[in-house]
1. In Å and from the alpha-carbon atoms only, list the Rg and Dmax of the protein assembly as shown.
2. If you take the accessible area of B alone, add that of A alone, and subtract the area of the pair, what total do you get in Å², probe 1.4 Å, to the nearest 100?
3. Over chain A, what relative contact order in percent results from Cα pairs under 8 Å that are six or more residues apart?
4. In nm, to one decimal, how far is the modelled label at B:Leu13 from the one at B:Leu204, with both set 7 Å along Cα→Cβ?
5. Taking 8 Å as the Cα distance limit and 6 or more residues as the minimum spacing, I'd like the relative contact order of the stretch A:116-214 as a percentage.
6. Taking just the C-alpha trace of the stretch B:78-211, give me its Rg and Dmax in Å.
7. With no solvent and one point on each alpha carbon, what is the Debye value of log10 I(q)/I(0) for chain A at q = 0.09, 0.16 Å⁻¹?
8. At 1.4 Å probe size, with every protein chain present, just tell me what the per residue accessible area of the protein assembly as shown comes to in Å².
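The values are calculated or read from the model by the stated rules, or taken from the named source; none is laboratory data. Please read all numbers here as calculations on a predicted model, not as lab measurements. Virtual Cβ from ideal backbone geometry, glycine too; neighbours counted across all protein chains shown. Each accessible area value is taken on the protein alone, full model and side chains, heavy atoms only, with ligands, DNA and RNA left out. Shrake-Rupley method; radii C 1.70, N 1.55, O 1.52, S 1.80 Å.
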Amino acid sequence: MNKNLFSLAFATFLATVPATAAMAAETDTLRIGTEGAYPPFNYMTADGKLGGFDLEIGRALCKEMQTKCSFVAQDWDGIIPALKAGKYDVIIASMFITEKRKKQVSFTDAYQKSAMTFVTPKDSNLTDFSPAAMAGKTIGAQGSTTQADYISALYPDSDVRMYPTQDAVNLDLVSGRLDAQVGDLIPMLEWTQKSDDGACCQLAGELITDPRFVGDGVGMAVRKEDDALRQKLNKALTAIVADGTYKAINDKFFTINILTLQ
Amino acid sequence: MFDLLIEYAPRLLSGAVMTLKLTFISVLIAAMLALPLALVRRSGSRYLQGPVRLYISFFRGTPLLAQLFLVYYGSGQFRPELTELGLWWFFRDPFYCAILTFSLNSAAYQTEILRGGLQAVSRQEVEAGMAIGMSKGLLYRKIILPHAYRIAFPALGNEIILMLKGSAIASVITLLDLMGHTRRVFSQTFDMSVYVWAALIYLLVTTLFVLVWRRMEHRMTRHFRAPVTPSAPLTSVIKESTRVS
């Protein structure tokens, strides 16, 4: 019954899905979905092309697997639904492996590790980030992310605000609409240390490594039925880590090794 | 699909309340702005017309989403200046930013709708009013404005419905309206059916609004409908017609 009503409402939408998925199987191009708004992992360059750590890892993996690759930019909100709808075959977009997401998709082994962190303006006097101390304070995060889940779940007495992109959260932390934000460690490090507007702000408090939210690190997501692809990606990932390709890409972007966080 | 609704209904409903607040506050403020602006558009001096036209073409010619971004994130860039002017408390709040943007946007549309209404008022009625010595104020109050609003009424209803749905973009500046809550629930459940429920709530609100608006319109146009002549009682008319056939 439930399913019938749902299919009825989306009859036309769903009708297109098998066709798209079938088309994907015919071509030997691996279509990679990414966000394109999450520097330095994935972003749009000035001339409108996708670039970043995720993209280079994706290219290296394709080279290792000897397949052609194409990249698709997709808003974060719809990145899992679009994978399931067959718009692309794998998500390489710095996505944390979480229990909730595992119900929707399968993940490869982690290709990076990360933690989350609070970020505050430098003139802020916040030092205690316990839910009690943050009651009534305004905390921002990008919506549909692990950090959004984290503050929604643990800070019910704070004014929690969700933004469509990480850039928008950053803008509002700069403008002073937010008392603090929660973001991913690496992008927050990059933003506060390397960008002009990020100079306003600093990492604060202890790193958030709560396994309920950060899970088993960051993985690539494929449709549940594509287990062969998942295994191929895992094999290729092991290979590029072993032959130093991974390290070369890592060092282009980061000062620490983000697979080991050392 | 239904268990999802039961679990998340309170959130969707609180979102719907926010949507209604955003829409109706904005539309009311816009209505107050639209009357003087429409009067200027119709008969104001050339020097007043220019700025009003510029305002209208800006707000009608650019996307509401862009306007909202401009007001919200744009004002964030001028925090020191706005603090100095004592206005930052206003722009700091996403709700006020949304009300400001939506009001200005809707006022632009309502002004043009009302101008059309003013222009369509029958010339003869205005002349009749002048002939019996009505002052300009009385003429507007008793003849021109009642007619203009009646003529503009369906189009104004249309504009309010568009605003109601347009308010769905408020979630990009973190407001938890119906769409904002829907997106949040979706991101937690990955259940597409929450969008179906949200659409149904929008549809329900719009339908209720249309019914009320139609009622009001019906009442406003009652003078167009021929009065029932009470000469022959209805029952006898029915009896006669049955007899004939």
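1. According to the Cα coordinates of the protein assembly as shown, Rg and Dmax are 29.3, 102 Å.
2. 2400
3. 25
4. The answer from the label model is 0.9 nm.
5. 43
6. My reading of the Cα-based Rg and Dmax gives 21.5, 69 Å.
7. Computed log10 I(q)/I(0) values: -0.43, -1.23.
8. Per-residue accessible area for the protein assembly as shown comes out at 51 Å².
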